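*Asks:* First, the structure itself, so that you have it in front of you.
The values are calculated or read from the model by the stated rules, or taken from the named source; none is laboratory data. Small disclaimer: the values here were computed from a predicted structure and weren't measured. Heads up, the Cβs are rebuilt from the backbone with ideal geometry, glycines too, and the neighbour counts pull from every protein chain shown. The accessibility values were calculated without ligands, DNA or RNA, using every heavy atom of the protein model including side chains. Shrake-Rupley method; radii C 1.70, N 1.55, O 1.52, S 1.80 Å.
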Amino acid sequence: MFINDYCIYSKMGIDPDFKKNRQKVGTHNGHDVYGPVEPPNKLGIHGSVVAIDWDICNADGSCIPACPVSLIEWNDTPGNPLSNRKADPAREGDCIFCMACQNVCPVQAIKVTAP
Ligand code: SF4
């Protein structure tokens, strides 16, 4: 099923090569944002170390309590066809690379890259 050209049943998951395949278009909460960004329908990928694809995130929220250092927070995204809030890697520099968020995400929206 498609809403505004977005397949809400997409099982593609985040592109593991997003840093090569996408352009940085800005920053948010101290992390990079990779485009395309055309709100409210396309929101891009937030974060470089803990990257969360906001065009896949469906606000399941499992990643938030899973993170042992509580670095992921909700960010409101009103009007987005998939969900009106997204998981934001607000303090990705605190990541200890346990991979819990990546493993718990039911739609594979998260890619954690250890240094
Ligand atoms: S890998 Fe672990 S520490 Fe890093 S954001 Fe995910 S849950 Fe938190």
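*Asks:* Restricting region 40-52 to residues that are away from the ligand (no atom under 14 Å from the Cβ) and not hydrophobic (A, V, I, L, M, F, W, C), which is most open to solvent (accessible area, probe 1.4 Å)? Spell out the reasoning first.
*Replies:* Going through region 40-52, the residues away from the ligand (no atom under 14 Å from the Cβ) turn out to be 40-45.
Applying the additional criterion that residues be not hydrophobic (A, V, I, L, M, F, W, C) yields 40-42, 44.
On the way: 40: 53, 41: 55, 42: 86, 44: 0 Å².
Looking at residues that are away from the ligand (no atom under 14 Å from the Cβ) and not hydrophobic (A, V, I, L, M, F, W, C), I get 42.
*Asks:* Also, quick follow-up: Could you list, in sequence order, the residues of region 85-102 that are closer than 20 Å to residue 13 by Cα and loosely packed, with under 13 Cβ neighbours inside 10 Å?
*Replies:* Of everything in region 85-102, just one residue is closer than 20 Å to residue 13 by Cα and loosely packed, with under 13 Cβ neighbours inside 10 Å, namely 97.
*Asks:* With the requirement that a residue be under 22 Å from residue 42 (Cβ atoms) and surrounded by 13 or more Cβ atoms within 10 Å (Cβ to Cβ), what does region 103-115 give you?
*Replies:* We begin by selecting, within region 103-115, every residue under 22 Å from residue 42 (Cβ atoms); these are 105-111.
Correct list: 105, 107, 108, 109, 110, 111.
*Asks:* If residue 101 satisfies all but one of (1) modelled with pLDDT under 95; (2) touching a strand residue (DSSP E or B) at 6+ places or on another chain (Cβ under 8 Å); (3) not small (Gly, Ala, Ser), what's the number of the condition it fails?
*Replies:* Single failed check for residue 101: (1).
*Asks:* Does residue 60 fit the bill of being closer than 12 Å to residue 101 by Cα and out of contact with any helix residue (DSSP H, G or I) (no Cβ under 6 Å at 6 or more places or on another chain)? Break it down into steps so the answer makes sense when it comes.
*Replies:* On the way: closer than 12 Å to residue 101 by Cα: yes; out of contact with any helix residue (DSSP H, G or I) (no Cβ under 6 Å at 6 or more places or on another chain): yes.
Yes; evaluated as a whole, the condition is true for this residue.
*Asks:* For region 88-99, does any single residue satisfy the condition of being aromatic (Phe, Trp, Tyr) and more than 8 Å from the ligand (Cβ to nearest atom)? Walk me through it before giving the result.
*Replies:* As a first pass, look at region 88-99 and keep what is aromatic (Phe, Trp, Tyr): 97.
Still in the running and more than 8 Å from the ligand (Cβ to nearest atom): none.
No, every residue in region 88-99 fails to be aromatic (Phe, Trp, Tyr) and more than 8 Å from the ligand (Cβ to nearest atom).
*Asks:* Moving to a separate point now. Kindly indicate the residue of region 60-83 that is surrounded by 15 or more Cβ atoms within 10 Å (Cβ to Cβ) and among the aliphatic types (A, V, I, L, M) and also nearest to the chain's Cα centre (by Cα) among those meeting that condition.
*Replies:* 72
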